[in-house]
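Below: one structure, written as structure tokens.
The values are calculated or read from the model by the stated rules, or taken from the named source; none is laboratory data. In this text the structure is predicted, and so the values were computed from the model without any measurement. Note that we place each Cβ from the backbone using ideal geometry, even for glycine, and neighbour counts take in every protein chain shown.
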Amino acid sequence: MCSPGEDFHRTVSLLFGLAAYANEPNADQTFIKVIGPALAVSLPTPPPGTLPPGYDPNEGPQYPGQQG
């Protein structure tokens, strides 16, 4: 069994690997569209100290395509 920190880092590593694969020629786009969101949803809460104190993911700049 993995610790919460190991689980978080493993999932992030899988997301990075998927992002790299998505840029490969002939990458299976259906696979990417299915696995990407599944990995993102399975991402556990980051271990303490990963994000700065007081970090709120809902604050910050509005990005293109976001509802304001």
Inset, instruction - Within region 39-57, count every residue that is under 17 Å from Arg10 (Cα atoms), free of Cβ contacts under 8 Å to residues at least 40 places away in the same chain and surrounded by 10 or more Cβ atoms within 10 Å (Cβ to Cβ). - result: 6
Inset, instruction - State yes or no: is Pro64 within 17 Å of the chain's Cα centre (by Cα), modelled with pLDDT under 80 and either part of a loop (DSSP other than H, G, I, E, B) or surrounded by 12 or more Cβ atoms within 10 Å (Cβ to Cβ) (or both)? - result: no
Inset, instruction - Quick one: which residue in Val12, Val34 is surrounded by 10 or more Cβ atoms within 10 Å (Cβ to Cβ) and in contact (Cβ under 8 Å) with a residue 24 or more places away in the chain? - result: Val12
Legend entry - Leading residue by the ranking (farthest from Leu43 (Cα to Cα)) among those in region 2-29 that are modelled with pLDDT of 90 or more and among the charged types (D, E, K, R): Glu24
